[in-house]
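To start, the structure itself, in structure tokens.
The values are calculated or read from the model by the stated rules, or taken from the named source; none is laboratory data. What you are looking at is a predicted structure, and each value in this text was computed from that prediction instead of being measured. Note that we place each Cβ from the backbone using ideal geometry, even for glycine, and neighbour counts take in every protein chain shown.
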Amino acid sequence: MSGAARTAARRGESRSLPALTSDRGIALLLSAIMAGLMLVFLVMPVAAILLRSLDTQAGPGLGNFAVTFADPRFWDLLVNSLTVSLLSSTLAVSLAYLYAYALQRSNVPLKPLLRIVVMMPLFAPSLVQAQGLLLLLGRNGAFNRFLGFDLDIYGFWGVALANTLYTFPYAFLILSAALAVADARVYESATMLGARPGRIFRTVTLPATRYGIAAAVFVTFSLSVTDFGNAIVIGGNFSVLATEIYNKVIGQGQFALGAVIGVVLLAPAIVSKLLEKRISSRQQAQMTDKSVPLTTRANRMRDLVLSGYCYAVMIVFLAIPGIVATASFVKLWPYNMAFSLKHYAFDVQNGTEPLWNSVYVALATAGLGVTIATVSAIVVQKFRTPLSGPLSFLAILPSSIPGMVLGLGYVLAFNNPANPLNMMYGTLALIIFLYVYYNHAQAFLIASTSLKQISSSFDEASTMLGGGVVRTFFKVTLPLLWPTLLGVGVFFFMRAMVSLSAVIFLITPETQVAAVSVLQLADRGAVNQAAAFSMCIMAIVIACLLIVRLVLWLAGAKSVTLIR
Amino acid sequence: MDSKLCITALAALLLSVPAAADEITVYTSYEEDEAARFLELAKQDMPDLEVNMLRLSTGELAARIIAEKANPQHDVIWGFAASTIVTPQIEETLEAYRPKGIDAVPKEFRAADDKWFAVTGYMAAFCVNDERLEKLGLEKPTSWKDLLDPKYKGEIVMPNPASSGTGYIQVSSLLQMMGEDEGWAFLEKLDKNVAQYIKSGSKPCHAASAGEFAVGASYDMRAIKNIEEGYPISMVIPAEGSGNELEANALVATSKNKEAAKRFLDWTVTKTAADAYLEWKAIVTIPGGTMPQRFLDAGLPQDTNSVLHPTDFKAAAEDRKDIITTWQEKFER
């Protein structure tokens, strides 16, 4: 089939010969702009880190790598990182697949609620999740203290659990998009040929969502491997490579050795890129011009079982922010449970100003991010230029860069008087670009997954009718894609509201953002005030979602899935 | 969108040109609330001086200063761990300066080459969760030695000295008071009871306050503030004598507004500043002044010198690298 698709693509090209020159020009220009931006805001900072890793007292060389690899502790941490990430990635993708399947292919009630609740970890700084887990499952957590359990969350299993919950929404977003579209004709034929539901799932549904699964595994694994927030709070004595970077850079000021580990953590990106390429080359478009959208049939037994599963998952995802919110509204959790609003009187430096800074930054990140991620996806998926290969690699590279490493790279690259863009250092604009590229991989994958599912025969038809690349985009691709793009925008907005580790090195007294205030409150022991601040961030994110939803509703697009 | 962003960037650039001549940027590791109070007073005394302050933890600030070395953004370092400020990569960014009135600060709290001086400091202290002790039927420990008792096994959390200044002064003070061999042997015994080495100096106290563990080795002000928050903890100053750290101020050599930076540093040794420090800090190096009642209530003696182990700050700074390497080999998990 891929052969046939390629032939079709070639035929499409030959048919569009008259428009070729200008189209080719636009394709190349757009590719060049995307490549240029990536060069400045991604490659340069990463290169700055690479250079640092080669920086030894005896001049440039591989000495730091030799030192790191000779340390048995490094290999222990590598094993820790890989095992815990493999486990949590497997769990997150399996659980999210079933959840997404239930929402897309069955009639479980209250779908909008189910959809929004599992997104909760994205709405608040990651500190909320770690704090919530400790309040629930810590040695003095609610389960132990009030229900008489004897749990000890610290260690391998705690980190695996935390990372599973933390990466679940990402897996769900990707898998939900992959399961959203299906061609009913294939299912009808399978049923008519006598295949039972289990067999249909194995032979039709699963293969059709292969690309989504691969993307979800890759994203969740990368997120787990590079996350240090959960591991540092819940890991106890269980350390991983990402916490070791923190240890080296923040703890001991050993940039070069921290950079070496940062470079090692780039490896998953390269491996998974190779794997992803192999898998996606066999992927075919789900929706073609002849497709019939799949409608869900009634099946009470199936709906009952899936509902039970979904509500169980929902309770877990509600409990975590729920207990943190409770802690922010009582005098002193868990010792004094009297209601109090005292944690909402923010006496942090600059008060609530960082909150408004963040809203501004998040809106700008959403606008810029959607534009950049979509154009990148189109450039890679639809235009075949010599830049497509390198671009598609760079597009997903950010997901394997720990936020702290990328942030450090920005400082090293942009706070250099020799850099013509040095003037951007210390401005919100640079923070906006950092957020865009830090979150580029997920946005790009979501946009690509959706693009892949729009058959190239739509493009061909448009091209045959004389539409150029630009016209085809605005008349054909955009109308099909815009709900996804709104979702990507919301995703960028959320990430810019809550991400912390990447910007910790870029904030200045004038460019304080909300997530940093949360960290500072937690640092000085005002954990309940930190929780209160997080709740405000969460409220803003949810308000943004509701506003976008209202706009959609007013525009008459009532059935659009916003977050996908 | 791109052009819009260019405009944003341009606007930001135009706005970031120093507006007033007397504007400085100060990097500090003082805790958020105390820094805010000190700064408020500084502004009252010098209304024409615009101070932009960035507060980060000791480790984060050190990393930031080193990362920005090619083009430092700050004029003054304020309230920053002395054992970290002497890191060569940071020390070489400083310029010697003797503030007006520096003689109020005794010599042992100043660098010999005048590159930094310390007006405040902090000392090691245990945060002990009384509720948890009672639940487990344990007595309150009063010394480091008490913590060796197997009944505390799994109930002690300590900062990791490699990433925490507080953790380092705890380890280095034990080594200084017991000597190398005995000190390391002691730490090995202690290690058997330690549940976790946490990366920051205040987190062990928070963990004890939250009731996750019975004993968190931390520092004085953290304990006092958590007691005031209402947590069921008490502060224990180890009977052997408490290790302590200085918080240093310094002038950055690349400052573009040195006169203003010097004015600010002069202010940090004035009477107003000293009085403010006394409200927030158990260790103030400028003599005179009395300790607030709330510190005494939390368990500090009027004369802190009576509980401090006389720290050799010079040795503590010089031995830092070796001690941490040995510690990591022995205990880092």
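Annotations
- Only residues that are surrounded by fewer than 24 Cβ atoms within 10 Å (Cβ to Cβ) and either in contact (Cβ under 8 Å) with a residue 24 or more places away in the chain or within 30 Å of B:THR270 (Cα to Cα) (or both) were counted across segment B:129-143, and they come to 10.
- Among the criteria (1) surrounded by fewer than 22 Cβ atoms within 10 Å (Cβ to Cβ); (2) within 18 Å of A:MET497 (Cα to Cα), the one A:ILE431 does not fulfil is (1).
- Restricting attention to segment B:62-71, the residues being assigned to a loop (DSSP other than H, G, I, E, B) and either more than 8 Å from every other protein chain (Cβ to nearest Cβ) or of a type in the set (Val, Ile, Thr) (or both) number 1.
- Pair list, Cβ under 8 Å, 6 or more apart: segment A:501-515 residue at the interface with chain B (Cβ under 9 Å from one of its Cβ atoms), other residue outside any loop (DSSP other than H, G, I, E, B) and hydroxyl-bearing (Ser, Thr, Tyr): A:PHE505/A:TYR410; A:THR508/B:THR25; A:PRO509/B:THR25; A:GLU510/B:SER16
- Qualifying residue in segment B:311-329 (condition: over 23 Å from B:ALA81 (Cβ atoms), over 20 Å from the mean Cα position of the chain (by Cα) and within 14 Å of chain A (Cβ to nearest Cβ)): yes
Okay, residues lined up against (1) more than 18 Å from A:CYS536 (Cβ to Cβ); (2) modelled with pLDDT of 95 or more; (3) within 11 Å of another protein chain (Cβ to nearest Cβ):
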site	(1), (2), (3)
A:VAL316	yes, yes, no
A:PRO321	no, no, no
A:LYS331	yes, no, yes
A:LYS342	no, no, yes
A:LEU355	no, no, no
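- The lone exception for B:VAL26 - which of (1) more than 23 Å from A:GLN254 (Cβ to Cβ); (2) within 10 Å of another protein chain (Cβ to nearest Cβ); (3) touching a Ser or Thr at 6+ places or on another chain (Cβ under 7 Å) it fails: (3)
- Pairs linking a residue in segment A:379-391 that is closer than 14 Å to A:SER448 by Cβ to a residue that is acidic (Asp, Glu) and buried (at least 18 other Cβ atoms within 10 Å of the Cβ), with Cβ atoms under 7 Å and 6 or more positions apart or on different chains, are A:LYS382/A:ASP459.
- Restricting attention to segment A:221-255, the residues that are farther than 20 Å from A:PRO72 by Cα, assigned to a helix (DSSP H, G or I) and touching a Pro at 6+ places or on another chain (Cβ under 7 Å) add up to 3.
- Residues considered: A:ALA184, A:ALA180. Of these, the only one that is surrounded by fewer than 19 Cβ atoms within 10 Å (Cβ to Cβ) and modelled with pLDDT under 85 is A:ALA184.
- Residue within segment B:290-306 that is touching a residue at least 12 places away in the same chain (Cβ under 8 Å) and in contact with a Phe, Trp or Tyr (Cβ under 7 Å, 6 or more places away or on another chain) present: no
- Meets criteria (assigned by TED's automatic domain parsing to the domain that holds B:LEU49 and under 29 Å from B:GLN176 (Cβ atoms)) for B:THR268: yes
- Taking (1) of a type in the set (S, T, N, Q); (2) surrounded by 20 or more Cβ atoms within 10 Å (Cβ to Cβ); (3) out of contact with any Leu (no Cβ under 9 Å at 6 or more places or on another chain) in turn, A:THR477 satisfies each apart from (3).
- Residues (away from every other protein chain (no Cβ under 11 Å) and in contact with a Ser or Thr (Cβ under 8 Å, 6 or more places away or on another chain)) located in segment B:131-170: B:LYS140, B:THR166, B:ILE169
- Scope segment A:1-60; condition modelled with pLDDT of 80 or more and in a loop (DSSP other than H, G, I, E, B); matching residues: A:LEU54, A:GLN57, A:ALA58
- Within segment B:72-118, the set of residues being within 14 Å of chain A (Cβ to nearest Cβ) and in a loop (DSSP other than H, G, I, E, B) comprises B:PRO72, B:GLN73, B:HIS74, B:ASP75, B:VAL86, B:THR87, B:GLU92, B:THR93.
- Look at (1) of a type outside the set (Gly, Ala, Ser); (2) more than 23 Å from A:PHE172 (Cβ to Cβ); (3) modelled with pLDDT of 75 or more and you find that A:ILE537 fails only one, number (2).
- Residue within segment B:198-206 that is closer than 25 Å to A:VAL240 by Cα, touching a Lys or Arg at 6+ places or on another chain (Cβ under 7 Å) and facing chain A (nearest Cβ under 10 Å) present: yes
Condition check ((1) in contact (Cβ under 8 Å) with a residue 40 or more places away in the chain; (2) assigned by TED's automatic domain parsing to the domain that holds B:TYR152; (3) surrounded by fewer than 24 Cβ atoms within 10 Å (Cβ to Cβ)) across all residues:
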{"residue": "B:THR166", "(1), (2), (3)": "yes, yes, no"}
{"residue": "B:SER173", "(1), (2), (3)": "yes, yes, no"}
{"residue": "B:GLU180", "(1), (2), (3)": "no, yes, yes"}
{"residue": "B:LEU187", "(1), (2), (3)": "yes, yes, yes"}
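- Residue within segment B:41-61 that is at the interface with chain A (Cβ under 7 Å from one of its Cβ atoms), assigned to a helix (DSSP H, G or I), of a type outside the set (Lys, Arg) and surrounded by fewer than 18 Cβ atoms within 10 Å (Cβ to Cβ) present: no
Yes or no, residue by residue, for (1) within 14 Å of A:SER534 (Cα to Cα); (2) outside any helix (DSSP H, G or I); (3) β-branched (Val, Ile, Thr):
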residue: A:CYS310; (1), (2), (3): no, no, no
residue: A:VAL324; (1), (2), (3): yes, no, yes
residue: A:TRP356; (1), (2), (3): yes, no, no
residue: A:ALA377; (1), (2), (3): no, no, no
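- Only one of the listed residues (A:LEU110, A:LEU37, A:LEU98) is of a type in the set (A, V, I, L, M), without any contact (Cβ under 8 Å) to a residue 40 or more places away in the chain and either under 30 Å from A:MET497 (Cβ atoms) or crowded, with 19+ Cβ neighbours inside 10 Å (or both). That residue is A:LEU110.
- Assessment of segment A:434-442 against the conditions (over 20 Å from A:VAL379 (Cβ atoms), within 14 Å of chain B (Cβ to nearest Cβ) and either surrounded by 24 or more Cβ atoms within 10 Å (Cβ to Cβ) or out of contact with any helix residue (DSSP H, G or I) (no Cβ under 8 Å at 6 or more places or on another chain) (or both)) yields at least one matching residue.
- Yes/no for B:SER29 being surrounded by 16 or more Cβ atoms within 10 Å (Cβ to Cβ) and modelled with pLDDT under 50: no
- Some residue of segment A:217-231 being closer than 18 Å to A:ALA92 by Cα, among the aliphatic types (A, V, I, L, M) and either within 14 Å of another protein chain (Cβ to nearest Cβ) or free of Cβ contacts under 8 Å to residues at least 24 places away in the same chain (or both): yes
- Where helices (runs of 4 or more DSSP H) fall wholly inside segment A:401-452, the ranges with 2 or more residues that are aliphatic (A, V, I, L, M) and under 15 Å from the mean Cα position of the chain (by Cα) are A:428-438, A:440-452.
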